[in-house]
1. Given the Cα-Cα distance of Ser52 and Asn153 and 0.36 nm per residue of separation, how much length would full extension add, in nm?
2. Between Arg203 and Val240, what length in nm is gained on full extension when 0.36 nm per residue of separation is reduced by their alpha carbon distance?
3. Can you order the peptides 69-79, 223-233 by their average number of other Cβ atoms within 10 Å per residue, highest first?
4. Could you order Ser167, Ser187 so the one with the most accessible surface comes first? Probe is 1.4 Å.
5. Sort largest first and round to whole Å: the equivalent ellipsoid semi-axes of segment 113-263, each the square root of five times a Cα gyration tensor eigenvalue.
6. Please compute the length gained on full extension between Ala130 and Thr88, using 0.36 nm multiplied by the number of residues separating them and subtracting their Cα-Cα distance.
Amino acid sequence: MDAYDAGSEARQRPDGPSEPGGAPEPAEPSAGMPATLPGPYPEPRTGVAALSLRYQIGAALALAVVAVAVCVHMGMVLLHVAPSNTVTKQHGKAIDEWIYPEFEQNWKLFAPNPLQQNISVQARAEIRTADGGSQETGWYDLSAEDGKAIDGNLLPSHTQQNELRRSWDFFIATHDGDNRPMGLRGSLSETYLRRIVVLRLEREDAAGEGGSVQRVQVRSRTTNVRPPKWSQEQVSDQPVYRELSWWTVPADSADDNTEGSAR
């Protein structure tokens, strides 16, 4: 009787073992529940992949256009800064139209012609002395004075470093080999350089007590940089001078504080 009851009870329990030592039978799903559990949801797409096919094609075309434009621009800049070659000679006008004026470059690729000279700007003055006489001063090396002001100075000013050098470069760029101005900027460069020289000579008290500067003359002294000891290159060690004509100093030139205005 007990055995019959035990067997009957075992058959009535759905989650019990069907026989001694057997595995439990799976429970039947209850009403309202799915037969199987859903798997993991797919990750949502982001970026271009999230767009529809039409927009994906549009984005791909836009990226292609940008890539082509960047490649063309980089190629034009490369040809612009590269030394003269067959391509630049044949298509130089097209390259210039692309570069100027927005993308102008003032340097050359790999510095094919680095500066190998030391250029110092010197000046002297014709002064009217306090007793009404006239005399000329010696040459003042203005570049050397700037060098002394910069040497040992951890924070040299822009004026000390570049004003005189840039004014001389400005003059050279706007004048021919005979020191004749080319265009309207030539006259401007003369005025700018003259005012800087007058101010520097007054700083050096070139006119002396009671004297005044009547005329100034400027020259450059150019010497070649010596090649390294291991080089077999031979260069001249003789300085080359470029001497300008005498410039008359207007009466109000020294009072016009325009030093550094064209930097």
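1. 30.0 nm is the gain from fully extending Ser52 to Asn153.
2. Fully extending the segment from Arg203 to Val240 adds 10.6 nm.
3. 69-79, 223-233
4. Final ranking, largest accessible area leading: Ser187, Ser167.
5. Working from the Cα gyration tensor, I get semi-axes of 29, 18, 17 Å.
6. 8.9 nm
The values are calculated or read from the model by the stated rules, or taken from the named source; none is laboratory data. Remember, predicted model here, so these are calculated numbers, not experimental data. Reconstructed Cβ throughout: ideal geometry from the backbone, glycine too, with neighbour counts over all protein chains shown. Ligands, DNA and RNA are stripped out before the accessible areas are found, and what is left, the full protein with its side chains, is counted by its heavy atoms. Shrake-Rupley method; radii C 1.70, N 1.55, O 1.52, S 1.80 Å.
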